[in-house]
Each structure stands twice: as C-alpha cells, then as structure tokens.
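Q: Please find one structure pasted underneath; my questions will follow.
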Amino acid sequence: MTADDHSPAQNPAADSAFLRACRREPVPHTPVWFMRQAGRSLPEYRRVREGIGMLDSCMRPDLVTEITLQPVRRHRVDAAIYFSDIVVPLKAIGVDLDIKPGVGPVVGRPFRTREDLERLRPLEPDDVAYVTEAVGMLTGELGATPLIGFAGAPFTLASYLVEGGPSRNHEHTKAMMYGAPELWADLLDRLADITAAFLKVQVEAGASAVQLFDSWAGALAPEDYRRSVLPASAKVFGAVAGYGVPRIHFGVGTGELLGAMGEAGADVVGADWRVPLDEAARRIGPGRAVQGNLDPAVLFAPREAVEAQALRVLEAARGLPGHVFNLGHGVLPDTDPDALTRLVEFVHERTVR
Ligand code: CP3
C-alpha cells in the first residue's frame, strides 16, 4: 500500500474514532483499546492456543486472524492489535530464540561481541510472508475497525538479545551501551532497520497504524536515552513516515523520558499510570496525541473503583486534542475479561459527544 491507499476513500477504517483521535481530530467518543488485549486473559484464546507454541501460533495466519479478532468481538474495542510478539522478526531472520511460557523471550546465545552482530541480517518481506497474509485476511474481516501493527523498539529488543532473556537490571545491555558505544550504536542501528522493515510489511499489507513498544526504556536516564537510544527509534519512525499512518510510541516508567520520546517522531505517545495524562501531554509537547493510562492492576478492584479510576484518566485527558484510552501497560493475565468489556462500555458512554 502507498500513502494514498490509507486515504478515507481507500481505507474503510480511516474515519474511525481511533484514527481520528490519533490525528487529533474531533471524535464521536474517546476510542479505547488495550495493550495485550489479545492474550491470556481470554478463555477463547487459551482454547485455540492449546498445544501450539507461542511462536508457532504467530506463523499461522488462520490463528493470528482468529486471536486478533477475539477481543474485538468480545469487548467492542475501537482497534485491533495484530497478534504477534516483538521477537517474531528476530526469529524470522534466524536468531536462535524461543518464548517460554511464564518467562518470555529467551535467546540461545546472548549477543555480546561484534561477531554476534553478523547474526542480524536485514529482514526481507518474504521472511514474514505469513504476516502479509494474516494482515490481508484481517483487514477484510475488520472492515471499519482499524488494525494496529507493532514492533519492539531497538532498545527493548537489544535488551533481550544482550541479556539472553528478561532482565530486571539490564546490566549486560548497559555494560555494552557504556563500555562499547560503537558496537552498541551498530547493534541498535541494525535493529532499527529490521524493525522498520517489519513495520513496513504490516503497513503495506493494510495495517492502519503502528505502535513501537519500547517497554524497558524506562530503565534509562534521560541523557543516556537521548544519546544512545533515541536516534535508533527516530530512524524507525522516519522510515515509516511516508505512509501517512499514525505512529504510536510507548514505554513503561518513562515519566522522565516523555519529552525525549515526543521528539523521536511519533504522532501519538503513550504513558503509563505514573504520570497524569495532562502532565504527560505537557511533557510530550504540542502536536502529538496521547494514549493511556489506567493502571492495569485497577481492573482487579470492584467495578465502582474501576470506574472511578477510569474517570480520573478521562478528567486528566479532558481538553487534550487527541486521547486514545488504554491501560498504562498490558492487560495482566488474570484479569477478568468482563471487567475489560465493562470498561470499554464505560469509556464510550462517558465520552459520547
Ligand atoms: O497486545 C496484544 O494483544 C498483541 C499481542 C502481543 C504479544 N506480545 C503476545 C504475547 C504484543 C503486542 C506483545 C508485545 C511484547 N512482547 C512486548 C511489549 C509489550 C509489553 O507488554 O511491554 C514485550 C516486552 C514482549 C516480550 C514478551 N513476550 C513477554 C514479556 C511475554 C510474556 C511472558 C509470560 O508468559 O509471562 C511474551 C510472551 C507473549 N507474547 C504471550 C503473548 C500472548 C504469552 C505467551 C503464551 O500465551 O504462552
């Protein structure tokens, strides 16, 4: 697809509340979707995944389509997010990794030296033909509901590659960033190219927006983020700028980084629950929409408490030119799906214009 294919005449989702909010246009109601909405909190998800490994399921267009549609059918969210994982493009170029249930991505041989970079070749669209096929099937099924494509940001991907798995302190990653800055820059640059290529595949197949997940960027001081991480994320956003689809930027614990993240080139910046959205918008700067930011743990409280906290988010967002309601991080696995359905209804009812 080209930029023209994403025009209202070509894309039936172009006038959706979600895309309008991303473009900071007036909306019929505040759009809402949930990070990790297509995941383990749904019994119908667990049923279709039974006996199929996470990465194997990501390579099956029939399963990807079904799992992506499940939360749209059940919760009536305003956008679908493509079912995949941030490590799928790395797997597709031959990196030896797996996703372990209850743990997350685990890499066979961690990346620590310059020789290791040779294991990161460019991503070609043919490496992920199943993504092109699944996005095509999905846009047909979704009609006026937009599909969000996504990828992991270079820093967050680098953390998995360098640590070899999930990490609390990112010590090997930071050791490379501080101790071998040229190697670090080359690693992030390669990851930026792979990430950009992966997002392009999704947009060219019909995704209406993209989100870059820099989940672990909050582990960085602003100066280090600006110098050692922002250029690679900015390269990704620049590479997909020409399509005219909204680009969303998200990380956890990024209160001190929101200004820098706002400069990386996205159209929408997400915030977690630690910063009220009006303050987040001030830090992000003008010309960007905001996404967030209900604490996902709030969904374990009684309905009245969930609604009170959701109202607090809506109050903080009142008057902002573009707000996409979301959680401040992904849906927690044990969340009651009905609490999510009720929350979607509540946000819609409270914001009808
Ligand atoms: O949002 C969605 O509904 C789309 C699906 C999606 C998955 N992973 C599916 C998944 C998305 C957007 C992701 C992104 C992702 N993956 C991120 C960024 C978002 C975030 O939460 O910060 C990160 C850091 C990863 C890496 C990863 N993959 C983790 C931390 C885990 C969870 C490990 C666990 O089991 O606790 C995974 C596995 C994973 N990715 C699952 C799903 C549904 C669970 C796998 C399973 O069901 O066996």
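Q: For the chain, with a Gaussian network of springs between Cα atoms less than 10 Å apart, report the residue from GLY255, GLY94, GLY164 with the top mean-square fluctuation.
A: GLY94
Q: If you don't mind, another one. How tilted is helix 303-317 with respect to the longest principal axis of the chain? Cα atoms for both, answer in degrees (0 to 90, nearest 10).
A: Rounded to the nearest ten degrees, it is 80.
Q: Right, next: Nearest 10 degrees, 0 to 90: what angle lies between the long axis of helix 154-163 and the longest principal axis of the chain (Cα atoms)?
A: Value to nearest ten degrees: 50.
Q: Specify the residue with the greatest mean-square fluctuation among ALA339, ALA134, ALA196, computed from a Gaussian network of the chain linking alpha-carbon atoms under 10 Å apart.
A: Comparing ALA339, ALA134, ALA196 in the GNM, the peak value goes to ALA339.
Q: Taking R0 as 25 Å, what FRET efficiency do you get between GLU141 and GLU171 from their Cβ-Cβ distance, rounded to the nearest 0.05?
A: That pair, GLU141 with GLU171, gives E of 0.05.
Q: Still on this structure, I have one more. Under 16 Å from a label point 7 Å along Cα→Cβ of THR113: give me every residue in the stretch 171-187 with its amide N that close.
A: In the stretch 171-187, the label zone of THR113 (backbone N under 16 Å from the point 7 Å along Cα→Cβ) covers 176, 180, 183-184.
Q: In 20 Å bins starting at zero, report the fraction of Cα pairs in the chain per bin as a rounded %.
A: Taking all Cα pairs of the chain, the binned fractions are 32, 62, 6 percent.
Q: Follow-up. Nothing charged except the Cβ atoms of Lys and Arg (+1) and of Asp and Glu (-1): what's the magnitude of the dipole of the chain about its Cα centre? Round to the nearest 20 debye.
A: 580
Q: Then there is this: With a 1.4 Å probe and every protein chain kept in, tell me what percent of the accessible surface of the chain is carbon plus sulfur.
A: The computed percentage sits at 50.
Q: Moving to a separate point now. What whole-number value in Å² describes the accessible area per residue of the stretch 3-350 for a 1.4 Å probe?
A: 40
Q: Something else now. When DSSP beta bridges are limited to those with both residues in the stretch 3-350, what percentage is antiparallel, rounded to the nearest 5?
A: 15
Q: Sum -39500 (n - 2.57) across every DSSP H segment of at least 4 residues in the chain, then divide by the residue count to get the 222 nm mean residue ellipticity, nearest 500.
A: After summing the helix terms and dividing by residue count, I get -13500 deg cm²/dmol.
Q: Can you tell me which of VAL131, VAL64, VAL48 moves the most in a GNM of the chain? Springs connect C-alpha atoms under 10 Å apart.
A: In the Gaussian network model the winner is VAL48.
Q: At a Förster distance of 30 Å, what's the computed FRET efficiency of ARG353 paired with ALA305, Cβ-Cβ distance as r, to 0.05?
A: Given R0 = 30 Å and the Cβ-Cβ separation, E is 0.70.
Q: Tell me which of VAL324, LEU230, LEU188 sits at the most positive position along the dipole axis of the chain, charges placed on C-beta atoms (Lys, Arg +1; Asp, Glu -1).
A: My answer, from the dipole projection, is VAL324.
Q: Using the Cα atoms of the stretch 173-291, I'd like the radius of gyration and the largest Cα-Cα distance, Dmax, both in angstrom.
A: 14.1, 41
The values are calculated or read from the model by the stated rules, or taken from the named source; none is laboratory data. Quantities reported herein were computed from a predicted structural model and do not represent experimental measurements. Glycine also receives a Cβ, built like all others from the backbone with ideal geometry; neighbour counts cover every protein chain displayed. Just the protein is used for accessible areas: all its heavy atoms, side chains included, with ligands, DNA and RNA removed. Shrake-Rupley method; radii C 1.70, N 1.55, O 1.52, S 1.80 Å.
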